[in-house]
Amino acid sequence: MRILFFLLISVSGFAQNQTNVESTLILLNIKTGQEKVILKEERHFEAPNWSRDGKFLIINSKGFLEKISLDGKNLGKIAPDKITGCNNDHGLSFDGSVLLMSRRDDTVRSNVSRIYAYNFASGDFTLVAKNNPSYWHGISPDGRTIVYCALRNGKWDVYGKNFMDTSETKLTDAEGLDDGPEYSYDGQWIYFNSNRTGRMHLYRMKPDGSGQTQLTSDDFDNWFAHPSPDNQHIYYIAYLQDQKGQHPFGKDVKLRLMNVETKVIKDLTPVFFGGQGTINVPAWSPDGEWIAYVKYRRL
C-alpha cells in the first residue's frame with residue numbers, strides 16, 4: 001500500500017500545482033548562515049538547481065523549466081517548445097552542457113514519467129531512459145551514466161544506465177522505497193535515501209551498488225542527500241514526522257548538513273513550511289559555499 005500510494009503522489013505531481021501558495025527562493029551560506037531571498041512570488045515553483053558556471057538557477061513550475069538570475073530576475077523558460085510536462089526531478093551534467101529531466105510522456109500512457117536530456121549547444125532533445133516510470137536524480141562526473149528511481153515489477157529501486165546503452169542496471173534491492181540517487185563530485189559514491197528499516201534514512205553506496213551503508217539513524221524522515229563539491233558534506237531535508245514513505249508538500253521540515261566522514265550533523269535552518277519542491281535536486285553553488293532552496297506559505 002505504501003509503495004502504490006507513493007506512485008500516485010509522484011505521478012499526480014505532473015498535473016497538479018499547489019494553489020494559493022507563496023514560494024520563496026532562498027540562497028543560504030552554509031558557513032555563515034547568511035540567507036538571501038532572491039525571489040518571492042504568489043505562485044508555486046520548485047526544486048532549484050544551481051548552474052555549473054554559478055550564474056543562474058533553474059526552477060520548475062507548471063511543467064516548464066525556468067532560468068532565474070542570482071538577483072531574482074526571470075530569464076525565461078528553457079526551450080519551452082520542447083521541454084514541457086516536467087516534474088521536480090531535473091539537473092545539469094557536471095560540465096553544464098546537458099540538462100536532464102523527468103518528464104511526462106503521454107505517448108506511453110497518461111502521466112507516466114520518462115527521462116530526457118536537452119543539449120544546450122545543439123538543441124537536441126533526447127529520450128535517454130525508455131523504461132517507465134523513471135525519475136532522474138543524478139549523473140556521473142564523466143557524463144556517461146545516469147542514476148534514477150524506478151518502479152519495476154512492483155518495487156521502487158535505484159537504477160543506473162549508460163547514456164549509450166538501452167539496458168539498465170539495478171543497484172538496490174531492499175524492501176520498501178529506494179530513491180534520490182546522486183553521485184558525489186569525485187564519482188566514488190552514490191548517495192540515496194531508503195525506508196528499508198521502516199523510516200526514511202540516508203545511505204551511500206559504490207557506483208556498482210556495493211558497500212551500501214546507512215548514514216542517518218535519528219527520528220526524522222531524511223530525504224535527498226546532495227553531496228558538496230569538496231566531497232566532505234551532504235545537505236538534506238528532514239521531515240519532523242514519519243511520512244510513511246512519501247515526501248509531501250506542506251509539512252514541517254528543516255535543512256541539515258552532515259560531515260560524511262565524522263557523521264557530525266548540524267541544522268542549517270530552523271523548522272519551516274516546506275517539503276516536496278524544497279530541495280529535490282542538486283543545488284550547491286560551484287564554490288561549495290551556498291545552497292538554494294524553496295520554502296512556502298499558504299495564502
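We did not get these values from a lab; they are worked out from the coordinates using the rules stated. All of these numbers come straight from a predicted model, not from anything done at the bench. Note: ideal-geometry Cβ built from the backbone for every residue, glycine included; neighbour counts use all protein chains shown.
3J(HN,Hα) along segment 176-182: x, 9, 10, 8, x, x, 8 Hz, from the Karplus curve 6.51 cos²θ - 1.76 cosθ + 1.60 with θ = phi - 60°, whole Hz, x for Gly and Pro. For segment 198-281, the alpha-carbon coordinates run over 34, 25, 22 Å along the three principal axes, in decreasing order.
Enclosing the Cα atoms of segment 2-298 in their convex hull gives a volume equal to 120 cubic angstrom per residue. Modelled spin labels at Asp142 and Asp173, positioned 7 Å past Cα toward Cβ, are 2.5 nm from each other.
In the chain, the DSSP-assigned H stretches of four residues or longer account for a calculated mean residue ellipticity at 222 nm of -1000 deg cm²/dmol, using -39500 (n - 2.57) per stretch and the full residue count as denominator.
Counted without the sites themselves, the longest stretch of the chain free of GluC sites (Glu not before Pro) in a DSSP loop having at most 12 other beta carbon atoms within 10 Å is 43-174.
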